[in-house]
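First the structure, in the form of structure tokens, and then the observations on it.
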Amino acid sequence: MSYTNFRYVTSVAYDHKYIYFGTTGGILRLDRYRENWNTPFTTSDGMVDNHVRRLAYDPAKDELWADTYSGTAMYQPTFEEWYGGGVFPAGLVQGDKGKLNLTDLFMEFGYTYVSEGYILGPHLRRFDLTAHLEDNWQNLWVGTWGLGPGLIKLRSLDLILKRFGLFAKDVEAICLDGDDIWFGGEIDEDGRQGITRYDTRSEEWSYYEAPYRSGLPNAEVTAIAADEDFAWFGTQQGLIRYEKGGDSFTRFSTFSGLENDYVSCLETTPEGLWVGTIAGVNLLELKKGKPDSLSFRGLPKGDRFSNLHIYDIERDTGFVWIATELGIFRRLNVGGEWQSFIIPEGKLGGVVTAIETWGKEVWLASPRGILLFEPEGMTSNLYVPPGTWPERGIIRLAVNRDRVF
């Protein structure tokens, strides 16, 4: 299954179980009875294209049809399979793209429905309603261009936004934070940029859009880390701190003490937050329970790796490891001098783009392959994956007992 940007809705349909929203990123499925989301349909599930233009449902054959920019496809619920080809049954389209005959609707704070057929969002931004479909329970399901699906309860005249999926589809960083999962990445195709938070317990998606949130001037996220009180976001324009208790953002830059504003990696340790940049590393100290007592430790000049690209930082039970353009370095968690490791000649080269530890093993990624390094015996094995090497190389590694990802 795949998750992407589903905020641009083109069409709506329903059957006896689901409300379907066709979007530019695939098809969303909302359970009509529980009003919770099921997994979406995308090309990962067999669709011919994620950009859906129209949806239709055939009740006689129990078939869902999708008209996409790459052709027509039909979904058969009994076999849970997508089949390409066929003629799209335009006469079975249920949704309407016409103007709604509604004047006043109640919405969440910051959003206003305008009777001309659009929603006025924060900072007076306009989001058009693109499709709507009334079911037999006095619910009017709507699609918007930029805010995703919505539900209008015709009895109470409430318009409720039903957020689902990523704010931006190009994900650069993911962080597990208790019941939450944070996602961050590049500016999306529509020119908008934001951070996504998914609550695994409530199954709710939240978005934090830059630069419209105070303290969040940029959301081109390169790295994410979290501790008990804060979530940290490395961006191309500095380090961003999200205070969980206050729902607020604060930015730190070279004026705060960072070696460089382009943050490349983050790692939380008992000492504090290690911040890797494209021109050196910092250690951010924070006394527990005192959010304002934050300072960048003045590391000795030789410990800052000034003007050196820091690709990744990893902490295990004994050491802090740093992957750089000149190889790997480590030092004790409790402090001390950095130690450089020279990998056997020819196996790795200079640049190390990712590092992950598992027990006594240290796994490294470089343009030449993936290397297993065991510091105690100074042994190593180079693995070159078959097929085409990723153009950008490997930016992160994850390791368990059996596999390396």
Cβ-placed point charges (K, R +1; D, E -1), dipole of region 167-308 about Cα centre in debye, nearest 20 = 640
Taking 0.36 nm per intervening residue step and subtracting the Cα-Cα distance, what contour gain separates Leu332 from Met1 on full extension?
-> 115.1 nm
Sorted by packing (mean other beta-carbon atoms within 10 Å per residue), highest first, where do 218-224, 116-122, 49-55 land?
-> 218-224, 49-55, 116-122
Proximal charge balance of Glu220 [Cβ under 11 Å; K/R count +1, D/E count -1] | -4
Would you mind checking Lys99/Lys169; Lys17/Lys99; Lys17/Lys61; Lys97/Lys162; Lys61/Lys153; Lys99/Lys153 for any pair whose Cα atoms are more than 21 angstrom apart?
-> Lys99/Lys169; Lys17/Lys99; Lys61/Lys153
Packing-wise, with mean Cβ within 10 Å as the measure, how do 240-246, 135-141, 31-37 rank, highest first?
-> 240-246, 135-141, 31-37
Net charge near Leu397 (other residues with Cβ under 12 Å of its Cβ; Lys, Arg +1; Asp, Glu -1) is -2
Farthest positive-ward along the chain dipole, Cα basis, beta-carbon charges - from Ser206, Phe167, Gly110 | Gly110
Determine ³J(HN,Hα), in whole Hz, for all residues of region 133-148 in sequence, where each value follows from phi through the Karplus function 6.51 cos²θ - 1.76 cosθ + 1.60 and θ = phi - 60°; x replaces Gly and Pro.
-> 7, 8, 9, 8, 10, 6, 10, 10, 8, 10, x, 10, 9, x, 10, x
Residue-count net charge about Asn139 - beta-carbon cut-off 14 Å; Lys, Arg +1, Asp, Glu -1 | 0
Between Val399 and Thr39, what length in nm is gained on full extension when 0.36 nm per residue of separation is reduced by their alpha carbon distance?
-> 126.9 nm
Among rounded, prolate and oblate, which fits region 9-92 when a ≥ b ≥ c are the square roots of the eigenvalues of its C-alpha gyration tensor, a/c under 1.5 means rounded, and a/b larger than b/c means prolate?
-> rounded
Rounded to whole Hz and in sequence order, give me ³J(HN,Hα) for region 350-366 from the Karplus expression 6.51 cos²θ - 1.76 cosθ + 1.60, θ = phi - 60°, writing x for Gly and Pro.
-> x, 6, 10, 9, 7, 9, 8, 10, 8, x, 8, 8, 10, 9, 10, 10, 8
Are there GluC sites (Glu not before Pro) in region 51-99 that DSSP marks as loop and that have at most 13 other Cβ atoms within 10 Å, and which are they?
-> Glu80
What is the calculated FRET efficiency for Lys61 to Thr269, with r their C-beta to C-beta distance and R₀ = 45 Å, to the nearest 0.05?
-> 0.15
Per-peptide average of other Cβ atoms within 10 Å, ordering 190-197, 206-213, 95-102 highest first = 190-197, 206-213, 95-102
State the label only: which of [x] 61; [y] 18; [z] 35 corresponds to percent of Cα pairs over 37 Å apart computed from the shown model?
-> [z]
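None of the figures in this text is laboratory data; all of them are computed from the coordinates on show. For clarity, every value in this text was computed on a predicted model and none was experimentally measured. Virtual Cβ from ideal backbone geometry, glycine too; neighbours counted across all protein chains shown.
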